[in-house]
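Let me begin by presenting the structure, written as structure tokens, before commenting on it.
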Amino acid sequence: MTADTSWKLSATLTPRFLLGVLALLALVVVAGEAWAQLQMGGSRSGILATLWKWTPLLLVGPPREFGGFALNIAVSFLAMAIGTVGGLVLGLGLISHFVPLRHVSWLMTQFFRNSPWLVLLFFVMLLTPFQLRLFGLTIPLPAWLKATFGLSLPIMANVAEIVRGAVNSIPTAQWESAESLAFSRMQTLWRIILPQCVKRMIPPWMNWYCILTMSTPLISIVGVNDSMTLTQDALAAEQRTELLMPMYLMLLCFFFVYCYPIARWTIRLERKYAVRG
Amino acid sequence: MTDIAAWTPEQPIVSLDDVHKSFGNNEVLKGVSFDVRKGEVVCIIGPSGSGKSTLLRCVNALVPIDRGSIKVEGREVHDPALDKLELRRKVGMVFQQYNLFPHKSALENVMMAPVLVLKRPKGEAEAEARQLMRKVRLEGKEDAYPGELSGGEQQRVAIARSLAMDPDIMLFDEVTSALDPETVKEVLATIRVLAEEGMTCMLVTHEMGFARELGDHIYFTDRGVIVEHGPPATFFTSASDPRTRAFLSQIL
């Protein structure tokens, strides 16, 4: 079924389609520009020039400060890393033979999979202190780090489901033959089952990475200088309504240009690793 | 736990006594008893669904039994205190669908268990694995992955993989049923070599010719019980039970 949908998706997302979308975006900006020039009589700088002026800030944040789109990417990396490690542990909990552990893992997975990300984010912001005291050391917990942790929770739960699904998709015969060779359960899991799961897990895992990246602007509402916050700051500084659409469009383009190749790559891997038969 | 010293090779190496096993409401084994002596080749035949595969899986504790006793080298297999891994080192098993590890090459499949389970040095295990690959006549295929091998070749790798653990008993669960008629011969030839070397073998099989030629004892199972048994010479010519005769007339 997945192979089928991915085929249809990939048929839609051809390079020609991509070019078409980009051309349309360019047209909107140019038309906006022309309209603005007519309205203002050329007294203020044009829309394209204004966008260009703000681009460095939106991409990498204010000077000597880390922020902007680069921060969104950094947060996506870190949240994915935390979510993947946590998800692997939680996923192994889901298939554990130790019943209490399995139940607790199940509850955690269901809870974090079925909670709105924004609410989780607020919850983590309020729950965690602004600094940690460990062995006499004071570790500051900046807002962006707390937000990253908040985003990693739903990722963790979804990665756990990916792990559980992949392990269950390996034929039981593999377990039987490993068992009959006197492998322990741990050896069977780590040496036989999980290595065969990796290929199956990569496409859904990348899919979740894209979803996570596209959700990183959520952190703007908890006071982090990400590209969304900075876009709003730039718009507030300019005070020009005709900039609203082009500015947000530019922000959309940043995410699109970053996520689209990953989505394409995911589809290719999905097709490559598709189970034949 | 039964003391291992109490067992001597003169006693049965595998001993089943009144073994019962149900899956839900389906009673698959309804009191099966028989003995296998060291070096014997025992063939279990019978219609599908008669519990043959379950019987083999009980011997290496892949499937727990409900009632009765199974002893391997004098030790109760279903004693909760028994070290199952210890048992499985002594009892090798080969499956109908080969079940090789698809992410490992043929050689790695063979040497994996000795390295991970028996903690043999890698070099030593590899040399032994290469020798086993020669024994099953697959030299040159060491680096091939299971997906690149034919069914018969995969099955011979699976046999080599089991032999690498240096087992005392080999269980063969319909090992030729998934193969093309041409490749059946290669696999049977491999098993024949083992049998002639004195390996204790328990085979569930549909290869009557093979059972007749190599089997020391034939057991016919139907609906969870042993209906009839005997050495091949008498079993195939003078079966007395009507169910056995009906089965043999269909298959021979």
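Take the residues of the range A:196-215 that are buried (at least 17 other Cβ atoms within 10 Å of the Cβ) and of a type outside the set (A, V, I, L, M, F, W, C): which is nearest to the other protein chains (Cβ to nearest Cβ)?
Of all residues in the range A:196-215, those buried (at least 17 other Cβ atoms within 10 Å of the Cβ) come to A:196-197, A:200-210, A:212-213, A:215.
Going one step further and asking which of them are of a type outside the set (A, V, I, L, M, F, W, C), we end up with A:196, A:200, A:203-204, A:207, A:209, A:213, A:215.
On the way: A:GLN196: 5, A:ARG200: 12, A:PRO203: 17, A:PRO204: 19, A:ASN207: 23, A:TYR209: 24, A:THR213: 30, A:SER215: 34 Å.
Selected residue: A:GLN196.
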Condition met for A:GLU242 (under 19 Å from the mean Cα position of the chain (by Cα), more than 14 Å from every other protein chain (Cβ to nearest Cβ) and either not polar (S, T, N, Q) or not in a helix (DSSP H, G or I) (or both)): no
message: Looking at the range A:192-206, I want the residues that are assigned by TED's automatic domain parsing to the domain that holds A:GLY83 and have a partner that is of a type in the set (Asp, Glu) with Cβ atoms under 7 Å, at least 6 apart or on another chain. Which pairs are those?
response: A:PRO203/A:GLU270
message: For the range B:1-20, check the following and say yes or no: at least one residue is exposed (fewer than 15 other Cβ atoms within 10 Å of the Cβ), modelled with pLDDT of 90 or more and touching a strand residue (DSSP E or B) at 6+ places or on another chain (Cβ under 7 Å).
response: yes
- request: Could you check how many residues of the range A:259-276 are out of contact with any Phe, Trp or Tyr (no Cβ under 8 Å at 6 or more places or on another chain) and closer than 30 Å to A:VAL30 by Cβ?
  value: 5
- prompt: Which members of the range B:207-225 meet the condition of being small (Gly, Ala, Ser) and either over 17 Å from the mean Cα position of the chain (by Cα) or surrounded by fewer than 21 Cβ atoms within 10 Å (Cβ to Cβ) (or both)?
  reply: B:GLY209, B:GLY224
- request: Evaluate the range B:39-52: report whether one residue or more is within 14 Å of chain A (Cβ to nearest Cβ) and among the aliphatic types (A, V, I, L, M).
  value: no
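Are any residues in the range B:146-185 part of a loop (DSSP other than H, G, I, E, B), within 12 Å of another protein chain (Cβ to nearest Cβ) and either among the acidic types (Asp, Glu) or over 26 Å from B:VAL36 (Cβ atoms) (or both), and if so, which ones?
The one that is part of a loop (DSSP other than H, G, I, E, B), within 12 Å of another protein chain (Cβ to nearest Cβ) and either among the acidic types (Asp, Glu) or over 26 Å from B:VAL36 (Cβ atoms) (or both): B:ASP166.
Name every residue in the range B:102-113 that is within 8 Å of chain A (Cβ to nearest Cβ) and either small (Gly, Ala, Ser) or buried (at least 24 other Cβ atoms within 10 Å of the Cβ) (or both), in order of residue number. Reasoning before the result, please.
Narrowing the range B:102-113 to residues within 8 Å of chain A (Cβ to nearest Cβ): B:102-103, B:112-113.
Residue satisfying the conditions is B:ALA113 alone.
Matching residues to (1) under 30 Å from B:GLU153 (Cβ atoms); (2) touching a helix residue (DSSP H, G or I) at 6+ places or on another chain (Cβ under 7 Å); (3) touching a residue at least 60 places away in the same chain (Cβ under 8 Å):
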site: B:HIS20; (1), (2), (3): no, no, no
site: B:LYS38; (1), (2), (3): no, no, yes
site: B:LEU56; (1), (2), (3): yes, no, yes
site: B:GLY68; (1), (2), (3): no, no, no
site: B:LYS71; (1), (2), (3): no, no, yes
site: B:LYS90; (1), (2), (3): yes, no, yes
- request: For the range B:123-145, enumerate the residues that are within 14 Å of chain A (Cβ to nearest Cβ) and over 21 Å from the mean Cα position of the chain (by Cα).
  value: B:ALA125, B:TYR145
field: Residue list for the range A:127-152, filter: crowded, with 20+ Cβ neighbours inside 10 Å and small (Gly, Ala, Ser)
entry: A:ALA147, A:GLY150, A:SER152
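Checking the condition touching a Phe, Trp or Tyr at 6+ places or on another chain (Cβ under 9 Å), surrounded by 15 or more Cβ atoms within 10 Å (Cβ to Cβ) and either at the interface with chain B (Cβ under 10 Å from one of its Cβ atoms) or in a loop (DSSP other than H, G, I, E, B) (or both), which residue from A:ILE155, A:ILE193 passes?
A:ILE193
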message: Considering only residues that are surrounded by fewer than 17 Cβ atoms within 10 Å (Cβ to Cβ) and touching a helix residue (DSSP H, G or I) at 6+ places or on another chain (Cβ under 7 Å), which ones fall in the range A:225-237?
response: A:LEU235
- request: Being more than 13 Å from the chain's Cα centre (by Cα) and either buried (at least 18 other Cβ atoms within 10 Å of the Cβ) or within 9 Å of chain A (Cβ to nearest Cβ) (or both) is the filter here, so list the residues in the range B:79-99 that pass it.
  value: B:LYS84, B:LEU85, B:GLU86, B:LEU87, B:ARG89, B:GLN97, B:ASN99
- request: Just one of (1) at pLDDT 90 or above; (2) away from every other protein chain (no Cβ under 14 Å); (3) crowded, with 18+ Cβ neighbours inside 10 Å trips up A:GLU179, so point out which.
  value: (2)
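Just checking, how many residues over the range A:113-131 are in contact (Cβ under 8 Å) with a residue 40 or more places away in the chain and touching a Leu at 6+ places or on another chain (Cβ under 8 Å)?
Applying the first criterion (in contact (Cβ under 8 Å) with a residue 40 or more places away in the chain) to the range A:113-131 yields A:113, A:117-118, A:121-122, A:125.
With the extra rule that they be touching a Leu at 6+ places or on another chain (Cβ under 8 Å), the set shrinks to A:117-118, A:121.
Total satisfying the criteria: 3.
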- prompt: For B:ALA61, are the conditions met, namely being among the small types (Gly, Ala, Ser), over 18 Å from B:HIS229 (Cβ atoms) and within 16 Å of the chain's Cα centre (by Cα)?
  reply: yes
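Within the range A:210-239, how many residues are within 23 Å of the chain's Cα centre (by Cα), assigned to a helix (DSSP H, G or I) and closer than 21 Å to A:PHE66 by Cβ?
We begin by selecting, within the range A:210-239, every residue within 23 Å of the chain's Cα centre (by Cα); these are A:210-232.
Retained after the next criterion (residues that are assigned to a helix (DSSP H, G or I)): A:210-222, A:227-232.
Imposing the further condition that a residue be closer than 21 Å to A:PHE66 by Cβ reduces the set to A:212-222, A:227-232.
Of the residues in that region, 17 qualify.
The values are calculated or read from the model by the stated rules, or taken from the named source; none is laboratory data. It should be emphasised that the depicted structure is a prediction, and the values quoted were computed from it without experimental measurement. Heads up, the Cβs are rebuilt from the backbone with ideal geometry, glycines too, and the neighbour counts pull from every protein chain shown.
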